[in-house]
Amino acid sequence: MDIDAVEPRKVHVIQGEFYVTDEPDLVLTTILGSCVAACMRDPVAGVGGMNHFLLPGDDLRQGEGGLRYGVQAMELLVNGLLRRGARRDRLEAKLFGGGRLIDGLTDVGDQNAAFAERFLRDEGVQFTGGSLRGDRARRVQFWPVSGRARQICLAPSEATVFAIERQRRPAPKDAGGSLELF
């Protein structure tokens, strides 16, 4: 067995969570649709982290639900990094997500993306890349100590579901009126 082929340790960050680490071999992962994940690090302190938020809001609710909001998720990520030795003036960030996956509804993804961009600008955090908006969900991997990030775009699920539905045959007109529940 090739020792270099060993899988890195992974931590999956879900909606309403954040994670901060200084472990060089750890990779943070998440899956995003309209949600946004900020991947931040201090390259000098060798510490980084990721958050995952559902809504941009300035709603500072207490309890678990508050982390669903960008304003709290971003502040908690920054404060977590500062507690681990990062300095605000050295922070750099990559932003991912904010997709518009369903036409005809409010574009929450764009609101999330705009909030995250504004937060970085207002806080003086250097924006170093990422991928925001679009019409695809994404799987994101982030190595917080090195700053390496990888994104895999997922197939548009809405189009796939509709294509499958169009291929189904309609029920026969003389179905007999029986109904089976299971």
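Any read-out appearing in this document is the output of simple, stated calculations on the displayed coordinates, not a laboratory observation. Small disclaimer: the values here were computed from a predicted structure and weren't measured. No Cβ is skipped: glycine too gets one built from the backbone with ideal geometry, and neighbour counts run over all protein chains shown.
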- Note on the structure: The set of residues whose placed amide H lies less than 5 Å from the amide H of Val47, leaving out same-chain residues fewer than 5 positions away, is Asp42
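Ala155 to Thr106: FRET efficiency via 1/(1 + (r/R0)^6), r the Cβ-Cβ distance, R0 35 Å, to the nearest 0.05?
Computed FRET efficiency for Ala155 and Thr106: 0.90.
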- What ³J(HN,Hα) values, in whole Hz, does the Karplus curve 6.51 cos²θ - 1.76 cosθ + 1.60 give for the stretch 26-38 when θ = phi - 60°, with x put for Gly and Pro? 8, 10, 9, 10, 7, 10, 10, x, 7, 5, 10, 10, 9
- Message: At 0.36 nm per residue, and after removing the present C-alpha to C-alpha distance, how many nm does the segment from Asn79 to Asp122 gain when stretched out fully?
- Response: 13.9 nm
- Given a Förster distance of 45 Å, the FRET efficiency implied by the Cβ-Cβ spacing of Asp89 and Asp135, rounded to the nearest 0.05, works out to 0.80
